[in-house]
1. Quick one: in segment 65-175, what % of C-alpha pairs are over 22 Å apart?
2. What is the distance, in nm, between label points placed 7 Å from the Cα along the Cα-to-Cβ direction at Ser174 and at Asp64?
3. Quote the FRET efficiency, to the nearest 0.05, computed for Asp157 versus Ser123 with a Förster distance R0 of 25 Å and r equal to the Cβ-Cβ distance.
4. Using a Förster distance of 35 Å, how high is the FRET efficiency between Leu150 and Gln75, based on the Cβ-Cβ distance and rounded to 0.05?
5. At a 10 Å Cβ-Cβ cut-off, how would you order Ser161, Ser174, fewest neighbours first?
6. For the ranges 60-66, 110-116, 87-93, 121-127, what's the packing order if you count other beta-carbon atoms within 10 Å of each residue, average per peptide, and put the highest first?
7. What is the sum of charges, Lys and Arg at +1 and Asp and Glu at -1, for the other residues whose Cβ falls under 15 Å from the Cβ of Ala167?
8. Given the Cα-Cα distance of Ala94 and Glu165 and 0.36 nm per residue of separation, how much length would full extension add, in nm?
Amino acid sequence: MGGTESQCQVGESGRAGWDGYAGSNIQNRVVVFALDDQRYGLPLFAVERVARMVDVTPLPRAPDIVLGVVNVRGQVIPVLNLRRRFGLPERDIALADQLVIARTARRPVALAADAVAGVLEYSAQQTVEARDIVPGIEYVEGVIKLGDGLVLIHDLDKFLSLEEETALERAIESA
């Protein structure tokens, strides 16, 4: 990822510590994670922490995009199935996988990832807005162009449709 990257470190508290970014502007930084060979990014300000995978409890009547729920420090958080959302081949969750705990405008969510690479700082010249590539992909904000590939930047606030959000809320309330 180049010389502007920084590794995500999860301390004993479970909080993500992003070394090298104390007091700096986080607007042009993403937490990079992988599914298969593709890299994805979430804005740094949306990510609360990265955690090791734990057992996911199924949530009856939840939308298909929801794998289930996990307990993170006493808070029940839905785990989203990124593979299903992105049309990737399904696979069983492995204990080596990681959870990216992030916050949307409505709720915290956990994203199941194969691996988390760390924090990537990027410039405006490295980005292309999603609408300039494929109009209509609501949950993709843009793409970061790197020397060794691309990172798709996602907008978590648009990740769940209104119907999925409503169904998830009902499933959590009835659990």
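1. On the way: 2472 of 6105 pairs.
So the pairs more than 22 Å apart make up 40 percent of the total in segment 65-175.
2. Using points 7 Å along Cα→Cβ, the separation is 1.9 nm.
3. On the way: r = 24 Å, r/R0 = 0.96.
Result of the calculation: an efficiency of 0.55.
4. Numbers: r = 33 Å, r/R0 = 0.95.
With R0 = 35 Å, the Cβ-Cβ based efficiency is 0.60.
5. Working: Ser161 13, Ser174 10.
Fewest-to-most ranking of Ser161, Ser174: Ser174, Ser161.
6. Working: 60-66: 16.1, 110-116: 21.0, 87-93: 9.6, 121-127: 13.9.
Highest-to-lowest ranking by the protection proxy: 110-116, 60-66, 121-127, 87-93.
7. Working: positive: Arg61, Arg84, Arg85, Arg106, Arg107, Arg170; negative: Asp64, Glu163, Glu164, Glu165, Glu169, Glu173.
Taking every Cβ under 15 Å from that of Ala167, the sum is 0.
8. Numbers: separation 71, 0.36 × 71 = 25.56 nm, distance 2.63 nm.
Extending this stretch completely gives an extra 22.9 nm.
Readers should treat all values here as calculations from the given coordinates under stated rules, not as data from a laboratory. All of these numbers come straight from a predicted model, not from anything done at the bench. Glycine gets a Cβ as well: all are built from the backbone with ideal geometry, and neighbour counts include every protein chain shown.
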